[in-house]
Amino acid sequence: MHSNSFIYSLKIWLTSVFLAPLIYIVVTSFKENYQDLGTLISNQFSNYVMCVFFGSLFSFFTWVLFFLTVKITTLHASSIKQSKSIISLIGALLTVGTFALFLSPSISIHDDFFYLMVGNCICISGGSWFYKLKVDSLYVTVRAH
């Protein structure tokens, strides 16, 4: 079957690269007491840029695996809903695996990177359901015996 696996997975990955750091900053800013929005933005802008840069760098290989997962899932799943369920779960597991590989074998809830990991999992799983996955069954060929 022909699908939009590449664009679909790319949109999800880029959403996580750019949105997860914002989730992380919002969560961590509640832990710190900022007096005004200007101070928050000036103090967190460099953190956001670093998270985007390193997040894209460290998660690129994970995205490749995620793309292959999407491609394989669209070939074998019986419905879009089943495909998205599998894609969402495997995407979250790949994200947790990436964080465990690069940061620590056991990520603690008390670690600030835990919130970045959760933000990425939310973006990957949510993006899997948000973006449209197209599977075109018109491209299936029938083999003659």
*asked:* I want to check a number: in the chain, how many lysine pairs have alpha carbons closer than 20 Å, given a sequence separation of 8 or more or different chains?
replied: 13
*What size of dipole, in debye to the nearest 20, comes out for the chain about its Cα centre when the only charges are +1 on Lys and Arg C-beta atoms and -1 on Asp and Glu C-beta atoms?*
740
*Could you order peptides 84-93, 60-69 by the average number of other Cβ atoms within 10 Å of their residues, highest first?*
84-93, 60-69
*Could you list the residues of the range 1-19 with an amide nitrogen less than 15 Å from a label point located 7 Å from the Cα of Lys71 in the Cα-to-C-beta direction?*
1-10
*asked:* I need the peptides 21-29, 122-130 ranked by packing, meaning the mean over residues of other C-beta atoms within 10 angstrom, with the highest value on top.
replied: 122-130, 21-29
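Bear in mind that the values in this text are calculations on the coordinates, not laboratory data. Bear in mind that the values here come from a model prediction, so they are computed numbers and not experimental data. A quick note on method: Cβ atoms are made from the backbone with ideal geometry, for glycine too, and the neighbour counts reach across all protein chains shown.
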